[in-house]
Amino acid sequence: MSKRIVVLGSQWGDEGKGKIVDLIAHSSKYVVRFQGGHNAGHTLVINGEKTILHLIPSGILHDNVMAILAPGMVVSPQALVTEMDELISKGVPVTKRLLLSDQATLLLPYHIAIDKAREQAKNKIGTTQRGIGPCYEDKVARRAFKIGELFASKDILSEIKEILAYYNFMLEHYYKVDTVRFEDVQKEVELAQERFAGLVCETTPLLHQALDADEQILFEGAQGTLLDIDHGTYPYVTSSHTSAGGVPASCGISPRVLDEILGVTKVYCTRVGSGPFPTELTEEVGASIQKQGQEFGATTGRPRRCGWFDAVMAKHCANINGFTALAMTKLDVLDHLAEIKICTGYQYLGEHRATPPNHADALELCEPVYETLPGWQASTKGVQQWAALPEKAKQYLQRLEELVGVKIAIVSTGPDREETLWVKKLLD
Ligand code: GDP
Ligand code: IMO
Ligand code: MG
């Protein structure tokens, strides 16, 4: 039976969504990235060969799958062309497998300039400086340009020139940084017109047809639930709905069609950029997890902050998304530890809390309450059978499952597609 499956991150991003989407994409007609932009970095490793994707859905390496960039995305022409060309140079027939929604929003150089200027000023979010926030602001303010407008019979460049004047005024007089040259924006618009003409289409009716024909569709999230604009650790979040509710809103489909919502979850936590992180480990253990897990951003190269698994947050995210199953990743990264902690609650202003407080300032004051489990101190790297896992690793996973209240379907034991263990079959 075919299904409509959502795969999204249940922490602060970089949970291994790319690997899991690639793993299960082969039986889908469409793999749809539903939000965000080139702030994402999704890593696929197939027989040792690494591919990092930012905008293009992680199903692109399968020859029977069409990859869709949904209406809710923000798309930088330069970033998309660079990514397409990298894949083309590796022999991937991208233009045959990629569709770009005419409703997606154009992300242009002035969005990037504003993002960078803000990050250099005070109150840093620690963004990826890819222009994501300013572009979504334009969309909500109803002054953004849609991909479809690139191909409409109107003078989009003169409209862009007007908006650019507005941004350049802010850059020059408020942020006191360099302005953006119109010629650079024009070049990028022309690049998009040249390279995207054959890719752009109305993706919403296409998905409706696929639903009517009972086709399998995979929806791929970027970032993670704790970076959701409304449900994340605001204001240290991204500017889109990263949680499951974002799928129907962004793709123009009904929430009733979603069958599986798979939460991708590391067996510990990481976070890039600023913001509260209750279980963060700032000393030796954190450094050892960072080293073992190669925790450096796939987009910006920044070191990722590392910490223990936070079951308070995980349960909260399971409730927000309605996870039907979990994919637990990076088990092998904890192989070396003698003991492993799990956060099971918070102490907040003298009281116990089983759910996180909503504002970042309050979350900063939360002290994690830990439960300690023995480590397995044996290699799980590449293990493909549940029975072959060390007993203590099984106990750790079962405890996580119990605390989150969602069954584990997949355990990832290494970056490669093959380094995976299926606990429960999700697909026929
Ligand atoms: P995404 O943004 O959620 O797609 O995740 P990223 O690709 O940014 O970060 C996950 C990183 O962990 C990548 O470098 C993956 O290759 C790697 N990875 C994924 N699963 C595993 C695993 O089970 N074990 C190890 N050691 N690495 C993994
Ligand atoms: P993937 O899809 C981890 C973080 C940034 C910053 C905040 C806002 O690879 O999991 P933005 O540039 O979106 O305005 O930055 O969100 N962030 C990510 N962290 N993984 C990502 O994507 C991220 N995309 C954005 O570090 O804290
Ligand atoms: Mg990533």
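The values are calculated or read from the model by the stated rules, or taken from the named source; none is laboratory data. In this text, all values refer to a predicted model and were calculated from it rather than measured experimentally. As a convention, Cβ positions derive from the backbone with ideal geometry for all residues, glycine included, and neighbour counts pool all protein chains shown. Accessible surface is based on the protein model in full, side chains and every heavy atom, while ligands, DNA and RNA are left aside. Shrake-Rupley method; radii C 1.70, N 1.55, O 1.52, S 1.80 Å.
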If we ask which residues in region 175-219 are in contact with a helix residue (DSSP H, G or I) (Cβ under 9 Å, 6 or more places away or on another chain), under 30 Å from residue 23 (Cβ atoms), open to solvent by 20 Å² or more (accessible area, probe 1.4 Å) and not in a loop (DSSP other than H, G, I, E, B), their number turns out to be 4
Of the listed residues (250, 239), the one being of a type in the set (S, T, N, Q), within 17 Å of residue 36 (Cα to Cα), outside any loop (DSSP other than H, G, I, E, B) and within 16 Å of the chain's Cα centre (by Cα) is 250
Scanning region 118-143 residue by residue, the ones that are closer than 17 Å to residue 79 by Cβ and either away from ligand 2 (no atom under 16 Å from the Cβ) or of a type in the set (Asp, Glu) (or both) total 1
Scanning region 233-244 for residues that are away from ligand 1 (no atom under 15 Å from the Cβ) and touching a Leu at 6+ places or on another chain (Cβ under 7 Å) gives 233, 237, 244
Scan region 290-307 and tell me whether some residue there is more than 16 Å from ligand 3 (Cβ to nearest atom), more than 18 Å from residue 403 (Cα to Cα), in a loop (DSSP other than H, G, I, E, B) and in contact (Cβ under 8 Å) with a residue 12 or more places away in the chain. no
Taking region 11-32 and keeping only residues that are surrounded by 21 or more Cβ atoms within 10 Å (Cβ to Cβ), at negative phi and either in a loop (DSSP other than H, G, I, E, B) or away from ligand 1 (no atom under 11 Å from the Cβ) (or both), one is left with 11, 12, 15, 24, 25, 28, 30, 31, 32
*asked:* open to solvent by 10 Å² or more (accessible area, probe 1.4 Å) and touching a Phe, Trp or Tyr at 6+ places or on another chain (Cβ under 6 Å): is that true of residue 66 in this structure?
replied: yes
By residue number, the members of region 295-319 that are surrounded by fewer than 20 Cβ atoms within 10 Å (Cβ to Cβ) and away from ligand 1 (no atom under 15 Å from the Cβ) are 315, 316, 319
Looking across region 117-149 at residues that are part of a helix (DSSP H, G or I) and among the small types (Gly, Ala, Ser), the single one that is farthest from residue 167 (Cα to Cα) is 148
